[in-house]
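Asker: Okay, here's the structure, questions in a sec.
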């Protein structure tokens with residue numbers, strides 16, 4: 001009797017996961033938004049070092065990331081306001097990326113301010129965290145190319161660990177475009193096509 005109950009519960013869980021996976025619709029806006037924000041921040045850093053533009057000793061990152069979190073929080077609350085707008089899979093994804101975002105913030109701000117992480121160590125550690133987030137997202141979406149994006153972040157992170165140069169910022173920016181913005185554009189175009197089909 002207990003084994004039958006366990007089998008029924010497992011079957012139910014599998015159905016919930018499968019149905020929520022099918023209902024996953026990713027607009028890609030978050031990927032694009034955060035990718036562009038980080039690239040802007042990197043551009044400001046380059047301006048500070050190479051063009052001698054006076055900036056507030058890294059405080060521009062507080063403004064950029066703070067703005068990003070405010071917009072993300074607003075969009076999250078707005079999405080939660082719609083009935084039946086969040087499936088089980090979407091809740092897992094949201095939790096995963098919020099956790100990754102908090103981890104990235106701790107590495108970027110606390111690690112830097114405490115002096116525990118040297119400046120050049122921040123981008124490779126961030127790359128490792130992003131690799132984990134994308135790898136896990138690939139499983140949730142059942143999308144193989146997201147696994148490869150995870151490996152792309154990890155490979156780039158290894159390179160960043162060994163490359164001690166200010167130009168690691170440029171590499172991180174390129175990775176952000178390749179592994180964050182472009183996937184976001186893919187999701188957005190896919191969402192637009194699916195939305196048009198539903199409307200028709």
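Bear in mind that the values in this text are calculations on the coordinates, not laboratory data. Note that this is a predicted model, so its numbers are computed, not measured. FYI the Cβ positions are ideal-geometry reconstructions off the backbone, even for glycines, and counts take in every protein chain you see.
Asker: Of all alpha-carbon pairs in region 128-200, indicate the percentage at a distance above 21 angstrom.
Answerer: Result: 36 percent of Cα pairs exceed 21 Å.
Asker: Report Rg (one decimal) and Dmax (nearest whole number) for region 92-180, counting Cα atoms only, units Å.
Answerer: Considering region 92-180 through its Cα atoms, Rg and Dmax are 13.1, 39 Å.
Asker: So how do 64, 32 line up by other beta-carbon neighbours within 10 Å, fewest first?
Answerer: So the residues, fewest neighbours to most, are 64, 32.
Asker: Can you tell me the order of 112-119, 43-50 when each peptide is scored by its average per-residue count of other Cβ atoms within 10 angstrom, highest first?
Answerer: 43-50, 112-119
Asker: Quick one: if you stick a label point 7 Å off each Cα along the C-beta vector at residue 142 and residue 69, how many nm between them?
Answerer: Result for the modelled spin labels: 3.6 nm.
Asker: While we're looking at this one, here's another question. In what order do 34, 97 fall by count of nearby beta-carbon atoms within 10 Å, going from fewest to most?
Answerer: Going from least to most buried by this count: 97, 34.
Asker: Sort 74, 51, 151 so that the residue with the fewest other Cβ atoms within 10 Å of its own Cβ comes first and the one with the most comes last.
Answerer: 51, 74, 151
Asker: So if each residue of separation counts as 0.36 nm, and I subtract the Cα-Cα distance between residue 113 and residue 132, what length gain in nm does that give?
Answerer: Extra length available between residue 113 and residue 132 comes to 4.4 nm.
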